[in-house]
1. Yes or no: the stretch 306-316 includes at least one residue that is over 27 Å from Pro381 (Cβ atoms), of a type in the set (A, V, I, L, M) and touching a residue at least 60 places away in the same chain (Cβ under 8 Å).
2. Return yes or no: is Gly389 open to solvent by less than 30 Å² (accessible area, probe 1.4 Å) and outside any helix (DSSP H, G or I)?
3. Any chance the stretch 102-125 includes a residue that's assigned to a strand (DSSP E or B), of a type outside the set (Asp, Glu), at pLDDT 95 or above and open to solvent by 10 Å² or more (accessible area, probe 1.4 Å)?
4. Which condition from (1) of a type outside the set (Ser, Thr, Tyr); (2) buried (at least 21 other Cβ atoms within 10 Å of the Cβ); (3) under 23 Å from Arg314 (Cβ atoms) is the one that Val74 breaks?
5. Select from the stretch 324-380 the residues that are surrounded by fewer than 18 Cβ atoms within 10 Å (Cβ to Cβ) and among the aliphatic types (A, V, I, L, M) and write down the one among them that is modelled with the lowest pLDDT.
6. Which count do you get for residues in the stretch 27-41 that are surrounded by fewer than 22 Cβ atoms within 10 Å (Cβ to Cβ), charged (D, E, K, R) and under 18 Å from the mean Cα position of the chain (by Cα)?
7. Just wondering, is there one or more residues in the stretch 410-427 that are under 16 Å from the mean Cα position of the chain (by Cα), part of a loop (DSSP other than H, G, I, E, B) and touching a residue at least 12 places away in the same chain (Cβ under 8 Å)?
8. Go through Cys66, Cys27 for me and flag whichever is touching a residue at least 60 places away in the same chain (Cβ under 8 Å), farther than 16 Å from Ala173 by Cα and hydrophobic (A, V, I, L, M, F, W, C).
Amino acid sequence: MTDLTDPVSIGGVEVPNRLYRAPVLECAGTDERTADILADELEPTAESGVGLVFQGASIVTPEGGCAAPNMTRVHDPAFVAGLERVTEAIHAHEGKVFIQLAHGGLRSMSTWHAEYRQRNPEERQLAVSRPPWQLRALDRAGLVSLSPRVLSTDEVYDLAEQFGRCAGYAVDAGYDGIHLSAANMSLIQQFLSPFYNRRDDEFGDGPTDPPGSGGVRFLEAIHDAIREYAGDVPLVTKVPAETVAPGFVRRHLSFADGVRIAARLDEVGYDALVPVEVSTFWDMSIVRGAFPDRAWAASDLQSAYAAVFGGRLRARAVELLNRMQARRFDHEPGWNADFCRAVRNRVDVPVLLEGGLKTRAHCDRYLGEDGAANLVGMARPFYAEPRLGTRLLTGHDALCERCNNCTIPQVAGKPGRCRTPSVVRARGRLEAEGAYERNISDGDGTDGERRE
């Protein structure tokens, strides 16, 4: 039986336990403050005993590609070298840190963020193919703003090489591994998805190819570029199955497609896989849970929402859509478990499970008798408890209520933090009791005492 405190190897890097912080937005920007912001955000997680920390999506191009405000860019080697402050802080607590590399493609801010478009009127979104008719219809209705630039074959190879260069910069700065953002409507998912990818070159699906084949070839090109620039660094990627796509989307990645893609990426040489069931759009399937009523009603954010979405009426329309989607998507803890289990039965590399986990019992179940995964991760619970690892590793549960009040303010550039008073009060009480103090005298870095 595998335990949460057991060590595990990913691509030759030894991780001290099976718990990881999944990638989320740190809103650290790209300036002289970035390293300090990231260290302040991530070091408490490593200090609490979490074995593996994934730094959130970091953009590989010098312009465009950001899916949300204040994302970090990693195209400049001199800037990335300064992030050594982050890796050193995590290594000081014997943790490992991987950086997630990303590009938003059609999900980029110029598509949906009205204020950003006004500041950057000439910016165009990188596109795999001509956008699907559904997005073009939203563009004509004025709900999004499309100005796509379809990548040529040479530009696709150049972009893959850019991922490789950025990986090399990160390894030089002390990052232990690379994680690719290939879900949640990222550009890589758009390459994999038959909804977006109608290319007729080697990065498209040929007449006899199964869905996602062109995207796999793009991921293979990225793999080769990373090996060229960063050597044998551990390489992890998300693997999407578009099982929660809206009913009007006829072409999408099925569950079986996702499993087949995962098996192929294992053959290509990826060192670990993160299977996730997603939509074809950037919707509530990404952050399933309750409707974030407190965040939407916050008086101090109303003007910011209006600026982001192009007016108060449009902001209210987005809020209504958010409310409807919150009812649609299942948020049973471990909602990716079936997909992870199917992938684990087909591959030889570690499989990582995330999605709604918050209890130690669920972690133990999916690592142990269920056999769905080799590692388990959480994201939003670390907004509520930056030092959550100490309590999880000693048998406790996360305080997070999956209310999503931490996520919606991020569209307005606000940092990810818990905004639910009951959770904030509970954390304060636990801090006063010393529940987050870590005793490193034991081999697993925990004191074994229940404090609640």
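1. Yes - at least one qualifying residue is present in the stretch 306-316.
2. No, not satisfied.
3. The answer is no; no qualifying residue exists.
4. The number of the failed condition is (3).
5. Across the stretch 324-380, the extreme among qualifying residues is Met324.
6. Total satisfying the criteria: 0.
7. yes
8. Going through Cys66, Cys27 in turn, the sole match is Cys27.
The values are calculated or read from the model by the stated rules, or taken from the named source; none is laboratory data. Just so it is clear, the model here is predicted, and its values are computed rather than measured. Counting neighbours? That spans all protein chains shown, and the Cβs are built from the backbone with ideal geometry, glycine included. Quick note on the areas: whole protein, heavy atoms, side chains included, nothing else; ligands and nucleic acids left out. Shrake-Rupley method; radii C 1.70, N 1.55, O 1.52, S 1.80 Å.
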